[in-house]
Structures are given as structure tokens and as C-alpha cells.
Amino acid sequence: MTDTTSTTWPLATPARRTGRASRTYRALAASAAGVAGVIHALVAPEHFELAWYVGGFFVAVAAGQLALAVALARGAALRTPAVLLAIAANLAIVATYVTSRTTGLPFLPVEEHAGGEHLPVAGGVGNGIPVLPGADIEPVGALDFTCLLAELVLVGVLVAVLPRMVRGTVTSVMLGLGVVAFVARGTGLLA
Amino acid sequence: MEPTTVEVIPGLRTEMWGYNGLVPGPTFQIAQGRRTVVRQINNLPAVHPVLQYTPWTSVHLHGSASLPEYDGYASDITNPGQYKDYHYPNWQPARTLWYHDHGVHHTAENVFMGLAGQYQLTDPLERSLPIPHGEYDVPLIVSDKMFNSDGSLLFSTNDNAGFYGDVILVNGRPWPVMKVKRRKYRFRILNASPSRSYNWSLDSGDTMAVIATDAGLMPTPQYVRSFRHGVAERYEVVIDFAKYRPGQRIVLRNASPKNNINFTNTNKIMAFDVVADAFSTVDNAVPASLNPGQATMLLKESDAVKTRTLNFIREHGQWTINGTTWEDIVRSGFTKVIAGPKIDDVEIWELRNPSGGWHHPAHIHFIDFRVLSRNGRPALPHELGAKDVVFLGENESVRLLIKFDQGRGKYMVHCHNLVHEDHDMMTQFEIRDDTTPADDPFSDPARWLPEGPL
């Protein structure tokens, strides 16, 4: 019986994961985490121009993904809770990305999204910049889409190497969250 | 200026903004030489209910040689709760003008909400001609809107390309039908859409007589089967319904110029149902000569002392004129100008649009101009009259002849696709006079309510 709290990589049973397969999974996961981390680091400066907390978020994400890439590349032992944490964190990043490209993120600075910075209007009372519906939805670009793909690969590999029972639970939870999001979108709750 | 609820789509209510609560605003009919003062009170809400901006305004009487402080200078704003008295000289020849919002940053949204109306100036020549007058002289204010299923306005600037609606309104009504008698009618067509340009034609294939452009009567009428009509341009067109039988329907169609966003029914504007009713035969003609002494059209290219070039280009994600935006004007403390012609000078301005992806209706405030050429060829027939807006099509250049007389000071020049104007294809020029100082655009600012004496 597998101890799900202490088993290290490779997490799945030896019958399912040969040594070569394990190294392949590690390399794939490390590469995916590295690509995502580098992309987040590259775009962090422009997000600091938007707001300090947005730039800080990108730096934190980049640091986490690069640290994971290094750990995987060095063959460090990763326990199940750490892998689960990495899966959850990257799924949260994916969800944030999808939200920013579909419904928009409500906590981002509105004026910036509405049309860039403007000089103050002499005598103006309040903010004269219209915020058009959908103005805070960012367009999909090649770099961010590549990052998304890398994160999906990373999550897929991490899930694949989980012990069978944990993997089943995790995939069920992921599927459930996906259904909830789909229904919320369809019913207008995520409009 | 105040909110109003209108029924555009049958059975649905639409919240809009109107001058005196009317969409479009009330039509002014003013005799040349009679000066007017129009008090504009901003009774709009403090914040737009959907777009969350403060709807300050600046009312521009488009086509009027107003002093700088009454020209609707974009940054000379009137906040909600303020008012401003606009003084109009009305010394110019007869023409169809229009008034609309020009407030910095949200002109497109304010006009889309309904802040536009027509202002007709008459003079003895115009009244003396046997062209249609009175009930046969009809304003057609054309705009396009988009609606949500509950009747509310739907806002989209299409990534700053422009506002494009799928419902065509004429005088606030979608695709209306007008009963016409078997005689000539004069239609003062104003394109009050924020971004859409049109190309008019009749489904009968018959000609229309274009008798006036932005700045009034043309020297001679121009008979065309179709013509292009950019944002903010005004054309007065005579259609003769005498040849049609009672019961016949004539449709005014729109063959859209390219780079508009079109929908299923944006290819039609309105219909005319011909009726057999009795009618007056007075003023039922189009003379071969209308206004041969039109001063702007008598200007000669050889009179020009300078040629300037204005490039309407997109740079770094912004719409610009020679790389300049209104933000640059603001940053300069409103001192930066793109041109400084001397008073009474005649100049040639060459306007260029080097892009094949969009067009620009270019508007120069205060002055009237003559279109000398388009892409090195003669001006189009419907442009053979004095104008203040010129359609700058894809990869087109136009040469304009302008006399900077009758006033001085800073005036705006901009693209009249209002979304382009807001983002930020607008700059200014200054008519300079060494002997008489010009008024400052901010010299008569808005005041807070309650109103003072008029």
C-alpha cells in the first residue's frame, strides 16, 4: 500500500514508472516549469507599470516556477504534498490567466485598461475616461499562450506521477472545478 | 443636456442623453446676421451608468466661425452641475451646421448617447432660390446604434476602430418610412454617426442633385447616382419624386465604403412612399446656378503662400496627426500648435492617410476650405462646394485651399471618427494676427449652477 504523505518522486508504483520514464517526466516537467517561469519573469517589468502588486504577482509566480524547475532538474525528492501544492498553484495561475482573457480581472487598475494614462483635465470633476464593457479583457498573445501551454503540460505531468489513489482524487476535483466553471459561465455567473 | 428615455426599438425603452431631453436635439433655424446665445446646462448624471465616467461636455457648433472660447474646445469642459453660455456670430453664408459634444476623452460616448442636433443658417440668397423650402426642406440626421436585448445601448469601440451599430437611425427612428408628394424635396443629410461612413444611392438608380456641402450652397448643382458621405459631413440633396407613381416605394440605400463594420441591414437607410396628395409647386426647382459667388470656391491655388502636410497616422497604438496627439497639446499647456497661419493668408494643406486599413473624416475647425484635388485628380463632383470636413479614404491624399480670415486664435483639427478623436487624433492650429490679440479658448469658462442671468 502506498503512503501518500511521504512517497517521493517517482510517486507512482514501480510497475508503472520505470527509471527512464521517471527521468523523462522530470525533464518534461522541469522544462515546462522553466519556460513558464522565464515568460513570467520577462513580462514582469511591464506589469509593474500597471501596478506594483501586479508586477509583484508576476515576480512571485516566476520565482516559484523557476524554483520548481530547478528542483525537478536536480532530481530533488518531491513529496506528494509538495506536488499537490505545485499542481494547485499552477492551476490557480491558469485560472487567473483564463479569467483575464475571458471576463477580465476586477481588481486590476481600471483606468489603465480603459485607455492608458492621461494627464489631468483642468477643472474636471471625477474621472472622464469611459470604461467600456470588456475593456479589462486582455488579448491573447503568442507569449502568454505559450506560457499557458507550458503550465498545462506541467500540471499534466505532475498529475500523472501522483500515486494512483491521489491521482484519481485530484483528477476528480479538477474535473469538478471545470464543470462548475463551465456551468457558471453558461448561466452568466461568470459573465 | 439631460437624460431621457426613448423608444427606439418598439416595445423597449432606451436610456439616452439629449439636448432638452430630445434625441436628436432640437433643430435651430437662424437667419444670417442674428447673433445667438445658447445656454448649455449640464444636467447629466455625475457618473455614466454603464461606462463609469464623469460626463463633462464641451458643445461644438460644427460649421460656425465661433470665437475660440465658444468653439467647443475639447478641454474647455462643463462638468455635471455647471453651465456655459455659447455665443454664436451667425455671419456666415447659409449652411447646415450641427451641434454636438466635443468633451475631451469621451466625445464618442457622449454623441453615441444622443448629444447631437442640427442648426440651420439661412441667408437672403438661400431664401431667394426656388429650391425646396418649408415642409419640403427636411433634415435627415443619420446615425447608427447597437442595442442589448433589453433595449439599452450596447457600447463597443472595437479596439478603438470605432463605434459601429447594426441599427440605422434617421432622426432617431430606425429605418423610417416617409410619405412624399410627387415633387422635389430637399434633404439636409447629416452623418451624425460616431464612426460610420456611408455611400448613398436610390434603389431606383436615379440621380440626386447635390446642392450644398458643409459650408452651404455649391456654385452649381451636381447630379450624382451615388456619393460617399463621411462622419460629420453635411450634404443637401434634392430628390425629385415627380417621376414616380403613387404607391411606389423608393429606398435610400447605403453601399458602405470599405473598412466600416457592416451588419445585415446597414445597407439600407430609409424609404420614401410616394403619395398622390396635392402639393405646392412653389420652390420646386433646382437652378443651374446656385451660388456662383461662393467666396471659398473662388479662391485660387496661386493665392496660396504656404503648403503644409498633415499625416493622419497610427503610431504606437494611438491615432495621431503628424505624430501629435491632444495629450501633447495638454502637456504643452495648450501652447503647441501644428500650424500657425497668419490672418488673411491663403494656404494649401495636404492631408494624407498612408494606411489601407482605415479612413479618416478630417475636420478643420473655424475655416471653410475648397478641395483642390484628391489623389492628384480633381475633387469628386459632390465635393465641389465649400467644406469643413473631408473624407480621407484609404491611401488617399487631398489638397485643400484655405483662407484664414475672419478670426484669430487656436482651433482644433482632428479626425471626426469620434473614437479616433478620443484616442487621440486631435491637434490644433493658430490663426495669428500681429495687431489684434486672440481670445483664449479658456477665457469664458463654465460656471456652477444655479444659473446666472442670461
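Within the stretch B:96-136, which residues are in a helix (DSSP H, G or I), touching a Leu at 6+ places or on another chain (Cβ under 8 Å) and of a type outside the set (Ser, Thr, Tyr)?
B:Ala108, B:Glu109, B:Val111, B:Phe112, B:Leu125, B:Glu126
State all residues of the stretch B:163-180 that are over 23 Å from B:Thr213 (Cα atoms) and buried (at least 19 other Cβ atoms within 10 Å of the Cβ); if no residue qualifies, say none.
B:Phe163, B:Tyr164, B:Gly165, B:Val180
Does any residue in the stretch B:1-22 that is within 15 Å of B:Arg173 (Cα to Cα) and assigned by TED's automatic domain parsing to the domain that holds B:Val111 come within less than 9 Å, Cβ to Cβ, of a residue that is of a type in the set (Val, Ile, Thr) and surrounded by fewer than 16 Cβ atoms within 10 Å (Cβ to Cβ) six or more places away or on a different chain, and which pairs are these?
B:Arg13/B:Thr5; B:Thr14/B:Thr5; B:Glu15/B:Thr5; B:Met16/B:Thr5
Kindly establish whether A:Val180 is surrounded by fewer than 16 Cβ atoms within 10 Å (Cβ to Cβ), of a type outside the set (Gly, Ala, Ser) and outside any loop (DSSP other than H, G, I, E, B).
In short, yes.
Looking at B:Ser128, B:Ser152, can you tell me which residue is surrounded by fewer than 22 Cβ atoms within 10 Å (Cβ to Cβ) and within 14 Å of another protein chain (Cβ to nearest Cβ)?
B:Ser152
Confirm whether B:Asn417 is among the polar types (S, T, N, Q) and out of contact with any strand residue (DSSP E or B) (no Cβ under 7 Å at 6 or more places or on another chain).
Values: among the polar types (S, T, N, Q): yes; out of contact with any strand residue (DSSP E or B) (no Cβ under 7 Å at 6 or more places or on another chain): no.
In short, no.
Tally time: how many residues in the stretch B:161-188 are outside any strand (DSSP E or B) and within 20 Å of the chain's Cα centre (by Cα)?
Residues in the stretch B:161-188 being outside any strand (DSSP E or B) and within 20 Å of the chain's Cα centre (by Cα): 7 in total.
Quick one: count up the residues across the stretch B:356-370 that are out of contact with any strand residue (DSSP E or B) (no Cβ under 6 Å at 6 or more places or on another chain) and either part of a strand (DSSP E or B) or under 21 Å from B:Tyr99 (Cβ atoms) (or both).
Number of matching residues: 1.
Does B:Phe312 satisfy being in the same structural domain as B:Asn417 (by TED's automatic domain parsing) and either at pLDDT 95 or above or touching a strand residue (DSSP E or B) at 6+ places or on another chain (Cβ under 9 Å) (or both)?
Values: in the same structural domain as B:Asn417 (by TED's automatic domain parsing): yes; either at pLDDT 95 or above or touching a strand residue (DSSP E or B) at 6+ places or on another chain (Cβ under 9 Å) (or both): yes.
It is true that B:Phe312 is in the same structural domain as B:Asn417 (by TED's automatic domain parsing) and either at pLDDT 95 or above or touching a strand residue (DSSP E or B) at 6+ places or on another chain (Cβ under 9 Å) (or both).
With the condition kept exactly as written, say whether any residue in the stretch B:20-28 is within 14 Å of chain A (Cβ to nearest Cβ), in a loop (DSSP other than H, G, I, E, B) and not basic (Lys, Arg).
Keep residues of the stretch B:20-28 that are within 14 Å of chain A (Cβ to nearest Cβ), which gives none.
Scanning the stretch B:20-28, I find no residue that is within 14 Å of chain A (Cβ to nearest Cβ), in a loop (DSSP other than H, G, I, E, B) and not basic (Lys, Arg), so the answer is no.
Take the stretch A:38-86 and flag every residue that is small (Gly, Ala, Ser), touching a Ser or Thr at 6+ places or on another chain (Cβ under 8 Å) and in a helix (DSSP H, G or I).
Selection gives A:Ala69 alone.
For B:Gln40, indicate whether it is of a type in the set (S, T, N, Q), touching a residue at least 60 places away in the same chain (Cβ under 8 Å) and in a strand (DSSP E or B).
Values: of a type in the set (S, T, N, Q): yes; touching a residue at least 60 places away in the same chain (Cβ under 8 Å): no; in a strand (DSSP E or B): yes.
It is false that B:Gln40 is of a type in the set (S, T, N, Q), touching a residue at least 60 places away in the same chain (Cβ under 8 Å) and in a strand (DSSP E or B).
Please tell me if B:Ser332 is without any contact (Cβ under 8 Å) to a residue 12 or more places away in the chain and either of a type in the set (Gly, Ala, Ser) or in contact with a His (Cβ under 7 Å, 6 or more places away or on another chain) (or both).
yes
If I ask for residues that are closer than 21 Å to B:Ala116 by Cβ and either under 13 Å from the mean Cα position of the chain (by Cα) or surrounded by fewer than 20 Cβ atoms within 10 Å (Cβ to Cβ) (or both), which ones from the stretch B:200-213 would you list?
Across the stretch B:200-213, the qualifying residue is only B:Thr213.
Please find, among B:Asp434, B:Asp405, B:Asp440, the residue that is touching a Gly at 6+ places or on another chain (Cβ under 9 Å), surrounded by fewer than 22 Cβ atoms within 10 Å (Cβ to Cβ) and in a loop (DSSP other than H, G, I, E, B).
Among B:Asp434, B:Asp405, B:Asp440, only B:Asp440 is touching a Gly at 6+ places or on another chain (Cβ under 9 Å), surrounded by fewer than 22 Cβ atoms within 10 Å (Cβ to Cβ) and in a loop (DSSP other than H, G, I, E, B).
Which of the residues belonging to the stretch B:64-121 are under 18 Å from the mean Cα position of the chain (by Cα), of a type in the set (A, V, I, L, M), more than 22 Å from B:Ile189 (Cα to Cα) and facing another protein chain (nearest Cβ under 9 Å)?
Correct list: B:Val104 only.
What residue, of B:Asn199, B:Asn158, is in a strand (DSSP E or B) and under 26 Å from B:Arg314 (Cα atoms)? Even if it seems obvious, please write down each step before you answer.
On the way: B:Asn158 fails: in a strand (DSSP E or B).
Result: B:Asn199 is the single residue among B:Asn199, B:Asn158 that is in a strand (DSSP E or B) and under 26 Å from B:Arg314 (Cα atoms).
Any chance you could count how many residues in the stretch A:58-81 are modelled with pLDDT of 95 or more and among the small types (Gly, Ala, Ser)?
Total meeting the criteria: 6.
So that you can scan it fast, the table gives a plain yes or no per residue for (1) at pLDDT 90 or above; (2) surrounded by fewer than 16 Cβ atoms within 10 Å (Cβ to Cβ); (3) within 15 Å of the chain's Cα centre (by Cα):
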| residue | (1), (2), (3) |
| --- | --- |
| A:Val83 | yes, no, yes |
| A:Phe107 | no, yes, no |
| A:Val125 | yes, yes, no |
| A:Val131 | no, no, no |
| A:Ala160 | yes, no, no |
| A:Gly186 | no, yes, no |
| A:Leu190 | no, yes, no |
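It is to be established whether one or more residues within the stretch B:7-18 are on the phi < 0 side of the Ramachandran plot, basic (Lys, Arg) and within 14 Å of another protein chain (Cβ to nearest Cβ). Walk me through how you get there before you give the answer.
Taking the stretch B:7-18 as the starting set, the residues that turn out to be on the phi < 0 side of the Ramachandran plot are B:7-10, B:12-18.
Among the residues that remain, those that are also basic (Lys, Arg) are: B:13.
Filter again for within 14 Å of another protein chain (Cβ to nearest Cβ), leaving none.
No, the conditions are met nowhere in the stretch B:7-18.
Looking at the structure I just gave you, is A:Leu78 touching a residue at least 24 places away in the same chain (Cβ under 8 Å), closer than 30 Å to B:Ala46 by Cα, of a type in the set (A, V, I, L, M) and more than 14 Å from chain B (Cβ to nearest Cβ)?
In short, no.
Does the stretch A:20-37 hold any residues that are of a type in the set (Val, Ile, Thr) and surrounded by fewer than 16 Cβ atoms within 10 Å (Cβ to Cβ), and which are they? Give the steps one after another, and end with the answer.
Here is the first cut: in the stretch A:20-37, the ones of a type in the set (Val, Ile, Thr) are A:24, A:35.
Passing the criteria: only A:Thr24.
Got at least one residue in the stretch B:58-73 being in contact with a Lys or Arg (Cβ under 6 Å, 6 or more places away or on another chain), assigned to a loop (DSSP other than H, G, I, E, B) and at pLDDT 95 or above?
Looking for residues that are in contact with a Lys or Arg (Cβ under 6 Å, 6 or more places away or on another chain), assigned to a loop (DSSP other than H, G, I, E, B) and at pLDDT 95 or above, one finds at least one in the stretch B:58-73, hence yes.
Touching an Asp or Glu at 6+ places or on another chain (Cβ under 6 Å) and more than 14 Å from chain B (Cβ to nearest Cβ): which single residue out of A:Leu42, A:Leu50 fits that description?
The conditions single out A:Leu50.
Filter the stretch B:43-57 for residues that are surrounded by fewer than 24 Cβ atoms within 10 Å (Cβ to Cβ), more than 9 Å from chain A (Cβ to nearest Cβ) and either in contact with a His (Cβ under 8 Å, 6 or more places away or on another chain) or closer than 22 Å to B:Thr27 by Cβ (or both) and give the result.
Correct list: B:Asn43, B:Leu44.
The values are calculated or read from the model by the stated rules, or taken from the named source; none is laboratory data. Note that the structure is a prediction, hence the values are computed from the model and not measured. Neighbour counts are summed over all protein chains in view; Cβ atoms, including those assigned to glycine, are modelled from backbone coordinates with ideal geometry.
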